């Protein structure tokens, strides 16, 4: 099983102070990762295009607060061998 999680946090800037209490742990058993987000993340289904133009299933987990937007992208590479056959 090969599951790759690509995590990126993009700070967009903003006013106001973030409270440490607003952040909560999040666990995705299905995608095999855990993270801390400012609140419950929004989940979006995607088709991720590899460098070989193969479409793989994935999900984008995102949340925002006054200081920015935080994103974790998970791509499921488990079925990639079938695409080569």
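Taken over region 24-53, the residue count meeting the criterion of being touching a residue at least 12 places away in the same chain (Cβ under 8 Å), farther than 26 Å from residue 68 by Cβ and either surrounded by fewer than 10 Cβ atoms within 10 Å (Cβ to Cβ) or out of contact with any strand residue (DSSP E or B) (no Cβ under 9 Å at 6 or more places or on another chain) (or both) is 0. On the stretch given as region 67-85, residues that are more than 14 Å from residue 37 (Cβ to Cβ) and modelled with pLDDT of 90 or more total 3.
Considering only region 55-65, state which residues are in contact with a helix residue (DSSP H, G or I) (Cβ under 9 Å, 6 or more places away or on another chain) and either surrounded by 19 or more Cβ atoms within 10 Å (Cβ to Cβ) or free of Cβ contacts under 8 Å to residues at least 12 places away in the same chain (or both).
55
More than 13 Å from the chain's Cα centre (by Cα) and in contact (Cβ under 8 Å) with a residue 40 or more places away in the chain: does that describe residue 68? So residue 68 fits the description; yes. Test residue 78 against the criterion of being touching a residue at least 60 places away in the same chain (Cβ under 8 Å) and assigned to a loop (DSSP other than H, G, I, E, B), and give yes or no. Taking the combined requirement at face value, the residue satisfies it.
The values are calculated or read from the model by the stated rules, or taken from the named source; none is laboratory data. What you see is a predicted model, and the numbers here were worked out from it, not measured in a lab. Cβ: placed from backbone, ideal geometry, glycine included. Neighbour counts: every protein chain shown.
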